[in-house]
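The values are calculated or read from the model by the stated rules, or taken from the named source; none is laboratory data. Computed from a predicted structure; not experimentally measured. We place every Cβ from the backbone using ideal geometry, glycine too, and count neighbours over all the protein chains shown. For the accessible areas, the whole protein counts, side chains as well, though only heavy atoms, and no ligand, DNA or RNA atoms are used. Shrake-Rupley method; radii C 1.70, N 1.55, O 1.52, S 1.80 Å.
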Amino acid sequence: MLLISDGKNTGISGTFPIPYAILPTIRFFESGRRIWTTPVLIFLEVMLMLGLLFLLITTPEPTGFTAFSIGFPSLLIALKFVVQKKVDMKRSQIIIVGVAPVIIWVEHILLCTTLALSAMWANQMLGIPLLGSSFFSIITTMACVCAIWPFLNLAYQRRQSADL
């Protein structure tokens, strides 16, 4: 993820420059609050990841609680977006000032991992192979793509600029 500035605000984005560099105005997470909320999100994601791994390993009978497992990472995603302060920047004023701290990258990977694990659990709960043909396997695939997307943007930006 990259640290983005317009001279007034600093934001963090894993989706810049591709595809959002085509928009005239872009909304980013404000870097201060994003960094401040990350440890709490990491704690929640690690707990959820451990719970999902436990479910995948022990394969218990589905219950109302375990059936909502796909909802838990969705709630974390919603929580992540709700607590963030957003800043709007004009594309013409955006300057990439650096790479986001490692803790931001870790949190992003953990969130994508919990989403993928919950979709795999949903498959297992339904009697479908972990990566069998189902809607939940699409979620697993999308979570993996989302996990690597910021790395692709970073690689692209590094090719464009030797400063990063």
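Starting from the Cα of LYS8, draw a straight line to each of the aspartates and glutamates and keep only those under 19 Å, dropping any in the same chain fewer than 8 residues away. Candidates past the 8-residue exclusion: GLU30, ASP88. The C-alpha radius of gyration of segment 72-164, expressed as a fraction of 2.2 N^0.38 Å, stands at 1.35. Among the trypsin sites (Lys or Arg not before Pro) found in segment 49-157, those both in a DSSP coil and sparsely packed, with 16 or fewer other Cβ atoms within 10 Å of their Cβ, are LYS85.
How large a share of the accessible area of segment 120-164, in percent, is made up of carbon and sulfur atoms when the probe is 1.4 Å and the other protein chains stay in place? Carbon-and-sulfur percentage of accessible area, whole number: 68.
If r is the Cβ-Cβ distance from PHE65 to MET142 and R0 is 30 Å, what FRET efficiency results, to the nearest 0.05? It comes to 0.75.
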